[in-house]
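**Student:** There's a structure below that I have some questions on.
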């Protein structure tokens, strides 16, 4: 069978801000007879989408237009732990907004769901508010200076936008977190020259095993009718087939019987030596013979539970990719009938290999992967601020 930064106040982290738009609907008339509703020919802005990197976290949040005295609407604050590039799942987030009438504090005791806090600030007076977010918790702690947030006096004061801004291709944080994904600072570099080659993707050396019969035996129908078929998943240590004993020299049954007999002999000689009825040398010889027999059984993969029927087991977790035997047939030691588990699919499995066929003219030689903008270990972008 083949089984195939924490920036403090005054420090400016990297920030990207995108204005959000909100559509308004106007009533064309006030009389009972005129009930026509017209869509405004413009949209109102006022909300923002902001991304900030510090040395510890990545902050991305969106907030709706802020109108003084209006009930607060939920903000969507996404926090990523840059140590793991996974969502912040625990900790208290405090929003400190310093504005015309002093400081206003809003506290979210925990994320509404993994990585996302949803506080709903309501601010009493129009004007600019300096926002600082303070994260405290066992996973990560940070103080993030966000900067000014504008609060408008009324809906009529919201800025007019001729048309919504294009948002590009969306790649949500909820889509990033479950996969191996990280952000890195874009930097210049060199791209190595390349050439075309033919190749194949193959398994790593430890990802393919072939299990063959180590001794002669019979593949009895009763013991093997449920043997894993091709395409079946098998676990490490799972039984593949059972070999029933056959007559002849050096068979598994004879080896098992010899080990059992020597075990009884060692026990008997231990009693006789204790009574000084036989020399200790005989016990030493019997123990030696027993150790040899047990080592032979261990080499065959036999366990105490096998008895006189040898069970062949998969040494790895994987998928059966080839099964070549007929129920009831006899196989010889190392014979052509074989069982194998193929491509390993455990979490700790070896990665696949790429084998490329290169000519001498290609000057094929091992080299580092091509360096391109954005390559290198993940790290925080430059500490500068941009608005769009």
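**Student:** Assuming R0 = 30 Å, what is the FRET efficiency of residue 105 and residue 84, from their Cβ-Cβ distance, to the nearest 0.05?
**Tutor:** After rounding to 0.05, the efficiency reads 0.55.
**Student:** Here's another thing I want to ask about it. Using 18 Å as the cut-off for backbone N distance, which residues of segment 189-217 belong to the label zone defined by a point 7 Å from the Cα of residue 355 along Cα→Cβ?
**Tutor:** Inside the label zone: 197-210.
**Student:** Please give, to one decimal in nm, the separation of the simple spin-label points placed at residue 276 and residue 197, each 7 Å out from Cα toward the Cβ.
**Tutor:** 7.6
**Student:** Taking Rh as the Kirkwood radius, which is the inverse of the mean 1/r over Cα pairs, what is the Rg/Rh value for segment 177-287? Could you put the intermediate results ahead of the total?
**Tutor:** On the way: Rg = 28.6 Å, Rh = 21.5 Å.
Rg/Rh for segment 177-287 comes to 1.33.
**Student:** By count of other Cβ within 10 Å, fewest leading, how are 129, 308 ordered?
**Tutor:** Placing the least packed residue first, the sequence is 308, 129.
**Student:** Using a basic spin-label model with each label point 7 Å from the Cα along Cα→Cβ, how many nm lie between residue 73 and residue 254?
**Tutor:** Going by the 7 Å Cα→Cβ label model, 8.7 nm.
**Student:** Based only on other Cβ atoms within 10 Å, what is the fewest-to-most ordering of 96, 324? Provide the component values of the computation, followed by the final result.
**Tutor:** Numbers: 96 18, 324 12.
Arranged by neighbour count, lowest to highest, 96, 324 become 324, 96.
**Student:** Based only on other Cβ atoms within 10 Å, what is the fewest-to-most ordering of 90, 185? Don't jump to the answer; show the numbers that get you there.
**Tutor:** Values: 90 11, 185 15.
Going from least to most buried by this count: 90, 185.
Throughout, read-outs are computed from the coordinates displayed, never taken from laboratory work. All values reported here derive from a predicted model rather than from experimental measurement. In this analysis, Cβ positions are derived from the backbone assuming ideal geometry, glycine residues included, and neighbour counts consider all displayed protein chains.
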